[in-house]
Structure formats: structure tokens, C-alpha cells
There are 2 protein chains.
Amino acid sequence: MTATAAQTRPRKRSGNGTARPADADEIGLDALVGHAGYAVRRFQIWIFQDFIRTLGDVDIRPTQYSVLTVIGANPGLSQMAVAKRLGIERARLVHLLDSLEQRKYVKRVKSRADRRSHALHLTSQGETALAKFKRLAAEHERHVEDRIGKENREQLLRILAGFT
Amino acid sequence: MTATAAQTRPRKRSGNGTARPADADEIGLDALVGHAGYAVRRFQIWIFQDFIRTLGDVDIRPTQYSVLTVIGANPGLSQMAVAKRLGIERARLVHLLDSLEQRKYVKRVKSRADRRSHALHLTSQGETALAKFKRLAAEHERHVEDRIGKENREQLLRILAGFT
DNA sequence: TATTGTTATACTCTATAACTATA
DNA sequence: TATAGTTATAGAGTATAACAATA
């Protein structure tokens, strides 16, 4: 393995319960250093927090933004189609849409082709709002760029393009 | 913005509710394509699912693994120190440790230096188990490599090194 | 007064199962 | 029979607040 062997031996701290306080930044991560999942998770948490903060005034979270964006770009989609495309459980999407519909951003239109399903559309209010959300999301994206660098951000998008 | 303008115009599907069924793979992501957070989130879900599956037989999840690894490498740490280092809420760590203590992987030792705090240690059973978990985690890491490529994985670790 | 561990609550998210109305 | 949307439940995870013991 890559970075596992580096610091596997525990740094002497104490054998019983009489250790010194433990300075937070000198604690080794050991095998975690070599795990992509660990870094990715920490980064994902940071990035979501920044997104939520940046779109705090409009009270839109990443999942809500992704749903609005996909509906905006593909009007008439069914709930199943949106759920599948974004990897959201259809049961969960129901609640997300309930909230977005209450806020008048989205409407469910009964499909006549298949009366089981709903065709999803943005309201005109939703269109206007989404345009604003996109501007704020772009601002958030600049924070990401500031944090990891322009080149690294683009590299990251290339590496992970297969997961979208 | 980078990849936002590319496909902003909705692809005609239907104005009312009479659309054709919507083929899941031809649905455009629009602005999401340019968002690092979206790709990172999808990737993080994939990677956690693979981790959980690969360590399914031993029933260890990513967070549990990270806690065991840090305690193993830094015996005697307090709960606060572990929580801070891994970015876990101290309230949540209580439950994680309850479970790991029940399974005899971890023990809380009362600290005499500061009688409010517990010094955390692996049991000998915990040490043995962790060694096995690390082998399985390394196997998981190879799945990541198979999926995105050796170079890309290393590039990713470099880019995100600042978030660990 | 402040901190450590704990308990409790609320909300997000994931994973299921079951129900209804349609197909 | 199967599918779309819905409802419900359980567990993980995050975010808080409050409390007891201790510093």
C-alpha cells in the first residue's frame, strides 16, 4: 500500500491514563493518509459547507440546487427520471419536491401519456430564482478555486468526470 | 464560469405533461457539470459504498475505521482530541465509541492527569482486528485505483492533501 | 468560568418496505 | 405483474443545547 507503512508505529504517549493533553495538530493519521476516501470525504464536507454558507441567504442546499438545475434544463421529466439521474432515492425526492413546490419553484403536472407519473417543470418564479442560485453557485465555485487552485480544480473535474 | 454556459437552454421535451418517457442517460446536467462539489459528492458516495461492501464481512464503516486507526496510532488520546482531529462531533463520537467498546475493540481508561477525560486505547483484540481491517481497506483502495487509474488516484491525494 | 464526556433533540440523508393507482 | 408516486420506518450523520463532574 502507498502511505500506510510510513507511520504505523504508535508514537509514545502513555501506557496508562496519565498522558499529556494531546496537541490536536500533532496527531498522526497513519493509514488514513493513503486513503483517497478519507481526503475526498473531508473535502466534500468542506465544499458543502461553503456551498450552504454561500447560498445561505436564499436557503438552498446542494441537493435542492441539483434538482432545480436538472428540471430547469430538462422540463417535463418524471420524478423517477430525475431520481435516477441524480442518484437520489425516489422516496426522498418526494419530500424534496414537496418543499420546492411549497416554495413555488417547481410544479408537478399530471402526465396524460402515463397517468401514474408527474411531469416536472419550473414555475416562472422558479426560473428567476434558479438564475440567481446559479450566480451564487458560481461564486461558491470560485471559493473552491481559491482554495485548491485553478489547475487543481480542473484536474479534479477531469478525474471525476466519470462519476457524474 | 467554466462549464455553465455550455448547455443552459432546455432541450425540448414537452410544454405540458405529455412527454415521452425520458431516457435516463440523455438527461443533461447543465450547470452541475462545472461544479466540483457535484462530482466530488458522487465520487464520495461511490467510494464509501465500495468501502462498506469490501469491509462488509467485518462490519466496519469508514468512520469506525478512521477512529480505530487514529486511536491505534496514537494511544492515550482523549475523546476530544480524536473528535477534533477527525472532524467528528464529540457527541457523535460518544456513540461510536460505545459501539466499538461493546465489540471489545477499544477501551476507555480514566485519565488521572485530567479526571474529566478518558484515555483511549485499542484492546489486544482491537489491535488484531485493526490489522485485518487495514488489509481490507487496502483492497478497497485498489478498487479505487482500478476505477480511476493509478496516476489519477495519486494526483487526487496530492490535490486534497490539505483537507486531511 | 471553561472544558470533558454525556444525554437529548431536530433535521438531513440513505435504505427499505409497503401501499395506491395506474400500466 | 410491474412501475410511479407516496407514506412510513430505521439507521447514519450533522448541528445544537444542556447537564454533571472536574479543571
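The values are calculated or read from the model by the stated rules, or taken from the named source; none is laboratory data. Bear in mind the structure is a predicted one, so any value in this text is a computation, not a measurement. Every residue, glycine as well, gets a Cβ built from its backbone with ideal geometry; the counts of neighbours run over all protein chains shown. Only protein heavy atoms, including side chains, enter the accessible area calculation; ligands, DNA and RNA are left aside. Shrake-Rupley method; radii C 1.70, N 1.55, O 1.52, S 1.80 Å.
Checking the Cα-Cα distances for A:Lys84/B:Lys104; A:Lys107/A:Lys134; A:Lys84/A:Lys134 against a 31 Å cut-off, the pairs over it are A:Lys84/B:Lys104.
In nanometres, what is the gap between the two model label sites at B:Asp114 and A:Glu154, each 7 Å from Cα along Cα-to-Cβ? Label at B:Asp114, label at A:Glu154, 4.7 nm between them. Distances, shortest first, from the label point of A:Arg61 to those at the same position in the other copies read 1.7 nm; the point lies 7 Å along Cα to C-beta. Inter-copy label distances for A:Arg90: 4.6 nm (label point placed 7 Å from Cα along Cα→Cβ; shortest first). Between copies, the label points of B:Thr123, set 7 Å from Cα on the Cα→Cβ line, lie 5.8 nm apart, reported in increasing order to one decimal in nanometres. Accessible surface buried at the A:B interface totals approximately 6800 Å², computed with a 1.4 Å probe on protein heavy atoms.
Distance between the modelled labels on B:Glu145 and A:Glu127, one decimal in nanometres: 5.2 nm (7 Å Cα→Cβ projection). The rotation axis taking chain B to chain A passes closest to the C-beta of one chain B residue; that residue and the distance in whole Å read B:Gln44, 2. Counting 0.36 nm for each residue step from B:Asp59 to B:Arg90 and taking away their Cα separation leaves a gain of 8.9 nm. Surface analysis of the stretch B:42-164 yields an accessible area of 51 Å² per residue, using protein heavy atoms and a 1.4 Å probe.
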